[in-house]
Protein chains: 2
Amino acid sequence: MSFPIKALFVDGHYLTNFNKKGDQGGGMENVLRAFLEPKSVAIVGVSRTPNRPGYLIIRNLKEFGFEGEIYPVNPQGGEILGFKVFKSIHELPENIELAVSMVSADDSIEFLESCAAKGIRNVLLVSGGFSESGEIGAKRQREVVRFARRKGIRLMGPNAVGPVNTFNNLVLHFYPLEYLKKGGVSFIAQSGQFCCPVMEFGTSSMHLGVSKSIDLGNCCDIDEAEVMEYLEEDPNTRVIAIYMESIHAGKRFLEVSKRVTQKKPVVVMKTGRTEDGSKTAASHTGAIAVDDTIFDLALRQAGIIRAKDLDEFLELAKIFDCPQIPKGERLAVVTYSGGIGAMVADACGEYGLKLAELSKDTVEKIRPTLPSSAKVSNPLDSFAVGVPLDINNVYRIPLEAFMEDPNVDMVLLCFMVNRLVWRMDFDHILKDLKRIQTKPVVAWVVGDADLVRECTERLEKSEIPVFGSPERATRALGALWKYHFSVLKKAKFE
Amino acid sequence: MSFPIKALFVDGHYLTNFNKKGDQGGGMENVLRAFLEPKSVAIVGVSRTPNRPGYLIIRNLKEFGFEGEIYPVNPQGGEILGFKVFKSIHELPENIELAVSMVSADDSIEFLESCAAKGIRNVLLVSGGFSESGEIGAKRQREVVRFARRKGIRLMGPNAVGPVNTFNNLVLHFYPLEYLKKGGVSFIAQSGQFCCPVMEFGTSSMHLGVSKSIDLGNCCDIDEAEVMEYLEEDPNTRVIAIYMESIHAGKRFLEVSKRVTQKKPVVVMKTGRTEDGSKTAASHTGAIAVDDTIFDLALRQAGIIRAKDLDEFLELAKIFDCPQIPKGERLAVVTYSGGIGAMVADACGEYGLKLAELSKDTVEKIRPTLPSSAKVSNPLDSFAVGVPLDINNVYRIPLEAFMEDPNVDMVLLCFMVNRLVWRMDFDHILKDLKRIQTKPVVAWVVGDADLVRECTERLEKSEIPVFGSPERATRALGALWKYHFSVLKKAKFE
């Protein structure tokens, strides 16, 4: 069945979009490069008052050690955090690649005029007061877009916190980040606050590794499709995770997605799934809601993976940052409890995986690690007949055997940790894994919270992604397999 | 439609069950009292080797400060952790209420004989080597049950870690618990390891408050129904959470459940939902699987709430420990982000809640806390038009208004925390809540992991249950409402 793609042209900002491929000229550099890898950034409307957005944005650039030039602008001049403050855009040196506006929405046209005069062609509008705040703001936004277009200026935002790039330490937003982990996940969001505390939570608590984060705010010019095209070619992006409340330029978004999803997984979380959610989302960004069933179908046709909630969104982003590609759906599990094994088995049924039938070789290798009366099975219940002979080998030896077993495609390790007795020696368990790892290996850790945290950190340091429950680990692996299977399948038939 | 209850008599141990009401004599004290509130406990097969199960069980009793008498037994005599060790059961004082066997399965009959001779009528069999380990073990289990029955001894286990009661500090199991929070959740489990690390994880990381935990192991005599009857009358149990792999004495379990669920919520997690899960569970406890669709229907008819995975199981247990009862399904939300508000709205649609329409009074009370251009809406987006005037009042004033608003039945607070800027002052926010709280209030906290943990602890100390995501918080509240609604509805029509 072919899907009537036109139905998705329901976006209120459609008229103002001019980022179709043709407009840029074929082969032109993606404009996102200027926003994510600028050699120089001017920040207009900075503040010396600690904890004001105009102060925090400079602090973030400094603290994270941005590699480009930083030019704060404020009519008062002086210094901020060791940087010279320019009194006006006019006074700035030539060839500034990107200007960030923290000035009031009312002064936007004037600000853009100065940028145009200075030859600045890329502008991030941080301030709110546009389409998200009613009809007057929406009118203001249309004017700004028209003006920028006439002057050849590309806009990100407005009402956007700004981008992050962990590969040049660009943290161009005013949310005071305390922690950020580098990795292969690139976020695109339409919600100002989404890229800040949620991303910080993801990196600090879930050990999610971020490559880029781009908050498009009201999305008046640069939109998801254009960002995706940049991320498609970005060698540091392994997975694209998009939080959206409405779809902009739907046809092009789906066209681009269809191509990108063949190279990299794209995970989308979109609110407005239910009536209440749809109303709430609309009141937030002033966007028009789209029928969720149609949206869902369109996403699937474009090869996009849709997450139903925040947990799944972050967890899928995390699993797709895993460099190993599963060749099949057969999962091998080491656990400390038959009950947990049964939960994983249930989750396999639910999320499209199968429990691997271990090869004879694997069974023979594992047998000596267990008491003689214990069965070697999958899930492997290491405590089935009492405390195992050597708790660390009970994990290490199966893990190594699974890497060579042609019947195993991926591995889940369930650890019970306890300071008194079963304190895992991960150095021993993971000793040779790095050298021989060819399959995805994930983990779940249970026990006292402090120790769980400690062990999780240790595992994550060895690039074993840890998940919050056995079922969530299985769900993530199921999604990983499904994505690679569908890409493989398409490749075969095309 | 009436359900053919007989179909549930599929339990392999059925012949050995003798805990039907009649057998005990009407009005007799529930035998679980001896297992959960014993005045004296003999532990047979203790060990002086640290970290051996026979050592750890004494350590737990001592460390947690069990209020009853403790009598370790080992042929070598001497002392363990300051307790005199008796050389045999024969040497013990009279009137021991409960004996715990850590002796080998082979010696069980001999052990029971000594108990009978000493007049001990309640026995916990910790050791494995019974029905979970094949036909020889199953035969041994049948012999033990027959013998105990003849001697009038009641059995818990075998292959069970033993019970916990936080109200007399009884921690009668060998898993070295480090942390346990007291509360209203009572667990019943059929999996040895389930009551240990999972419970510890629940209490230490999810702030779940435990009242009792009873691991029934192979469930050869005392079963879920009997435990439920005890917990039904237990004033310190607010919710019963059961982890099961198979159903024992199905008809009676459902009869008892039907009655108990009218007084207290009962949450069940049962593995074997899928084919793989069912096979795995069967190999674990040697129990026969029951068709999951039939099981599911039977649970619903008995008023039991079924959790589909470990997260939901622990989260439902947590929300049902909430003392406030919602009078309707209307949720009021304070959030720092429109995107998060939209997620909660979606979750309301999914989990059977509605967003409350705030009363005029409430709107008037909230308005002064926001910048003049901000809308008072639900979800209340406190950052909609920029940083709020006073971040703490943005939470406190709505929270107090919601308590008086007849249109609001429950509250979800979504906090973004940051050490630099939005450090919440929970003392201020929750100042008067305790005095005026009539409705369930739950929270979600996001930001840097360390600060999230710190704030979560502060909120939990004020008895605001914190959940891991906005959707999980909403799901929990939805289940809370659904339970109370169904009980209220039944009460009306009966």
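Before we move on, is A:Arg472 buried (at least 16 other Cβ atoms within 10 Å of the Cβ), within 12 Å of chain B (Cβ to nearest Cβ) and among the basic types (Lys, Arg)?
It is true that A:Arg472 is buried (at least 16 other Cβ atoms within 10 Å of the Cβ), within 12 Å of chain B (Cβ to nearest Cβ) and among the basic types (Lys, Arg).
Does any residue in segment B:100-123 that is more than 17 Å from B:Val41 (Cα to Cα) come within less than 8 Å, Cβ to Cβ, of a residue that is assigned to a loop (DSSP other than H, G, I, E, B) and small (Gly, Ala, Ser) six or more places away or on a different chain, and which pairs are these?
From residues that are more than 17 Å from B:Val41 (Cα to Cα), the pairs are B:Ser104/B:Ser127; B:Ser104/B:Gly129; B:Ala105/B:Ser127; B:Ala105/B:Gly128; B:Ala105/B:Gly129; B:Asp106/B:Gly129; B:Ser108/B:Ser127.
Which ranges mark the helices (runs of 4 or more DSSP H) fully within segment A:384-455 that have 3 or more residues being touching a residue at least 60 places away in the same chain (Cβ under 8 Å)?
Helices (runs of 4 or more DSSP H) meeting the threshold: A:391-404.
Can you list the strands (runs of 3 or more DSSP E) lying wholly within segment A:60-173 that have 1 or more residues being within 17 Å of A:Asp221 (Cα to Cα) and more than 14 Å from chain B (Cβ to nearest Cβ)?
A:98-101, A:122-125, A:154-156
Do you know which residues across segment A:235-252 are in contact (Cβ under 8 Å) with a residue 60 or more places away in the chain and outside any strand (DSSP E or B)?
Listed by number, the residues that qualify are A:Asn236, A:Arg238, A:Ser246, A:Ile247, A:His248, A:Ala249, A:Gly250, A:Lys251, A:Arg252.
Being among the β-branched types (Val, Ile, Thr) and either over 29 Å from B:Asn159 (Cα atoms) or in the same structural domain as A:Ser204 (by TED's automatic domain parsing) (or both), is that true of even one residue in segment A:442-453?
yes
With respect to A:Ser204, determine if the residue is surrounded by fewer than 24 Cβ atoms within 10 Å (Cβ to Cβ) and not in a loop (DSSP other than H, G, I, E, B).
Yes: the conditions hold for A:Ser204.
Going by the structure shown, is A:Glu232 of a type in the set (D, E, K, R), assigned by TED's automatic domain parsing to the domain that holds A:Ala298, more than 17 Å from A:Ala160 (Cβ to Cβ) and without any contact (Cβ under 8 Å) to a residue 60 or more places away in the chain?
Yes; evaluated as a whole, the condition is true for this residue.
Do we find a residue being farther than 30 Å from B:Thr203 by Cβ, in a strand (DSSP E or B) and touching a residue at least 24 places away in the same chain (Cβ under 8 Å) anywhere in segment B:339-355?
The answer is yes; a qualifying residue exists.
With within 14 Å of chain A (Cβ to nearest Cβ), out of contact with any helix residue (DSSP H, G or I) (no Cβ under 8 Å at 6 or more places or on another chain) and closer than 20 Å to A:Gln193 by Cα as the only criterion, which of B:Leu420, B:Leu451 stands out?
Answer to the selection: B:Leu451.
Quick check on segment B:368-421: of everything there that is modelled with pLDDT of 95 or more and polar (S, T, N, Q), which residue is nearest to A:Gly137 (Cα to Cα)?
Step by step, filter segment B:368-421, then rank; the result is B:Asn378.
Against the condition surrounded by fewer than 17 Cβ atoms within 10 Å (Cβ to Cβ), assigned to a loop (DSSP other than H, G, I, E, B) and not polar (S, T, N, Q), how does A:Leu358 come out, does it pass?
Taking the combined requirement at face value, the residue does not satisfy it.
Quick check: is even one residue across segment B:249-272 over 24 Å from B:Lys490 (Cα atoms), surrounded by fewer than 19 Cβ atoms within 10 Å (Cβ to Cβ) and modelled with pLDDT under 90?
No, the conditions are met nowhere in segment B:249-272.
For residues that are more than 14 Å from every other protein chain (Cβ to nearest Cβ) and either in contact with an Asp or Glu (Cβ under 7 Å, 6 or more places away or on another chain) or within 21 Å of B:Val466 (Cα to Cα) (or both), tally how many sit in segment B:363-393.
The total comes to 3.
May I ask you to list the residues in segment A:179-194 that are more than 8 Å from every other protein chain (Cβ to nearest Cβ), over 20 Å from B:Gly468 (Cβ atoms) and either over 9 Å from the mean Cα position of the chain (by Cα) or modelled with pLDDT under 95 (or both)?
A:Leu180, A:Lys182, A:Gly183
The values are calculated or read from the model by the stated rules, or taken from the named source; none is laboratory data. Please read all numbers here as calculations on a predicted model, not as lab measurements. Quick reminder, even Gly has a Cβ in these numbers, built from the backbone with ideal geometry, and neighbours come from all protein chains shown.
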